[in-house]
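Engineer: Dropping the structure in here first, questions after.
The values are calculated or read from the model by the stated rules, or taken from the named source; none is laboratory data. Only a predicted model underlies this, so the values are computations on that prediction, with no experimental measurement involved. Every residue, glycine as well, gets a Cβ built from its backbone with ideal geometry; the counts of neighbours run over all protein chains shown. Surface accessibility is based on the protein's heavy atoms, side chains included, excluding ligands, DNA and RNA. Shrake-Rupley method; radii C 1.70, N 1.55, O 1.52, S 1.80 Å.
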Amino acid sequence: MYLDNSATTKPCDKAIENINNVLLNNWGNPSSLHTLGMYAENEMNDSRKVIASLIGAVPQEIFFTSGATEANNISILCSAKKLKKQGKRIVTSAIEHHSVLDTVKSLEAEGFEVVYIKPDSDGNISEEALSRAITPDTVLVSLMLVNNEVGSVLPVSKAKAIMKNVCPRAILHCDAVQAVGKMPINVNSLGVDLLTASAHKLHGPKGIGFLYKNKNLHLPPLTFGGGQEKDMRPGTESVPLISGFKGAVQSIGNINANLEYLNQLHAFAVEKLSELEFVSINSPENCCPYILNISVNGFRSETLLHFLESKNIFVSSGSACAKGKGSYVLAAMGKSADIIDSALRISFCKHNKEEDILLLCDALKEAVGRLKKR
Ligand code: PMP
């Protein structure tokens, strides 16, 4: 029973079929001038079109990368390279993924001032907090759309509205890894200049993601090579993975119907888990329903995780990228050490069912009865 879909998702049949097909039958280099190159290029262009339409972009605004870590690095470092003469203030949140946090941190050494907005105790970031942080000398705002540990939805379009009045030349970047393919997204209504995503979070392969860059935004490149991806990400494109990404996007189905189903599943999980007196819910009420963070009071996350694993139930003790460390997201929310040490992240996909949640509840009851308290 897989309840760790925010770490990664099971690749869907269409993604696997596309990858196999390209490796076997369409293995040319898309930059080659002969027909094999042309076939590979056609497949890549078609994939770009399908992926662009998922977020309301046009194909020339999509740049394939090795994943969201690389896309976030490119977004932030290229923006800083462009804007460093204009100003040095970067605004972000304290609950971003490390591919954002550590990248902006690296810029502090170059003289940038970084403001990390703290969430409230629910994990939400208020419009007031954004207004206080975004000042006329701000050059870059980086906000994730959905937090990967607790599922809070950050007010990205509100940030754009504030920026329009306060710092209209600043760039807005959004790490949308936990939202793309799960919630309806339109880059234009969101108002973002840059947005990133990763295929393996939506039943696609690992090692492929994209950077959306608004066609009116020009950024200097960070790396140099054969000019692929219009110089934003040189290097021979991974057509098999790109095609696998396309297959995953084509298999999403109806995003709104999936979201409705997940809303019901999430509400059911909150109801059933809240009936267990030893469980507290850490996710905010209005969170993205694909994620539910809980604490099993008195028991260590890792001990619980391995107990659940022995029952074939797979969850996470936080973010998969922060293996073994206490959650900085829950810490930023002001949660106690007890809550942080006993946190579990349950993350769903459209294939999970109510029965999974009932089995999880039974397993947690058994764990609390059998395991030693911390
Ligand atoms: N941002 C967020 C919010 C994530 O959850 C992840 C994956 N854990 C990443 C970025 C990094 O994505 P990738 O694995 O594609 O590098």
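Engineer: Among the numbered criteria (1) farther than 30 Å from Phe314 by Cα; (2) among the charged types (D, E, K, R); (3) surrounded by fewer than 21 Cβ atoms within 10 Å (Cβ to Cβ), which one does Asp13 miss?
Structural biologist: The failed condition is (1).
Per-residue answers, yes or no, for (1) crowded, with 19+ Cβ neighbours inside 10 Å; (2) basic (Lys, Arg):
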position	(1), (2)
Phe314	no, no
Tyr328	no, no
Ala343	yes, no
Ile346	yes, no
Cys349	yes, no
Lys353	no, yes
Ala363	yes, no
Glu366	no, no
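Engineer: Could you please give the count of residues in region 85-106 that are surrounded by fewer than 20 Cβ atoms within 10 Å (Cβ to Cβ) and closer than 18 Å to Leu219 by Cα?
Structural biologist: The number of residues fulfilling the criteria is 4.
Engineer: For residues that are open to solvent by 50 Å² or more (accessible area, probe 1.4 Å), assigned to a helix (DSSP H, G or I) and farther than 26 Å from Met183 by Cβ, tally how many sit in region 39-84.
Structural biologist: Final tally of qualifying residues: 6.
Engineer: Restricting to region 82-102, count the residues that are away from the ligand (no atom under 16 Å from the Cβ) and touching a strand residue (DSSP E or B) at 6+ places or on another chain (Cβ under 9 Å).
Structural biologist: 9
Engineer: Can you tell me which residues in region 16-38 are aromatic (Phe, Trp, Tyr) and open to solvent by less than 20 Å² (accessible area, probe 1.4 Å)?
Structural biologist: none
Engineer: Have a look at Ile171, Ile252 and point out the one that is buried (at least 24 other Cβ atoms within 10 Å of the Cβ) and aliphatic (A, V, I, L, M).
Structural biologist: Ile171
Engineer: Does Thr135 satisfy the criteria of being more than 16 Å from the ligand (Cβ to nearest atom), in contact with a helix residue (DSSP H, G or I) (Cβ under 9 Å, 6 or more places away or on another chain) and open to solvent by less than 50 Å² (accessible area, probe 1.4 Å)?
Structural biologist: yes
Engineer: Can you tell me which of (1) of a type outside the set (Phe, Trp, Tyr); (2) away from the ligand (no atom under 12 Å from the Cβ); (3) surrounded by fewer than 23 Cβ atoms within 10 Å (Cβ to Cβ) is the one Val141 doesn't meet?
Structural biologist: It is condition (3) that Val141 fails.
Engineer: Here's something else I'd like to know. Taking the stated definitions as given, is Thr196 in contact (Cβ under 8 Å) with a residue 24 or more places away in the chain, more than 17 Å from Ile125 (Cβ to Cβ), outside any helix (DSSP H, G or I) and open to solvent by 30 Å² or more (accessible area, probe 1.4 Å)?
Structural biologist: No.
Engineer: Tell me, which strands (runs of 3 or more DSSP E) wholly within region 87-160 include 1 or more residues that are under 26 Å from Ser295 (Cα atoms) and in contact (Cβ under 8 Å) with a residue 24 or more places away in the chain?
Structural biologist: By residue number, 89-93, 113-117.
Engineer: Of the residues Leu211, Leu222, Leu259, which is open to solvent by 20 Å² or more (accessible area, probe 1.4 Å), at pLDDT 95 or above and not hydroxyl-bearing (Ser, Thr, Tyr)?
Structural biologist: Leu259
Engineer: For region 74-88, enumerate the residues that are within 10 Å of Leu211 (Cα to Cα) and among the polar types (S, T, N, Q).
Structural biologist: Hit for region 74-88 is Ser75, nothing else.
Engineer: Residue under question is Ala179, and the condition is that it be open to solvent by less than 20 Å² (accessible area, probe 1.4 Å), under 10 Å from the mean Cα position of the chain (by Cα) and on the phi < 0 side of the Ramachandran plot; does it hold?
Structural biologist: yes
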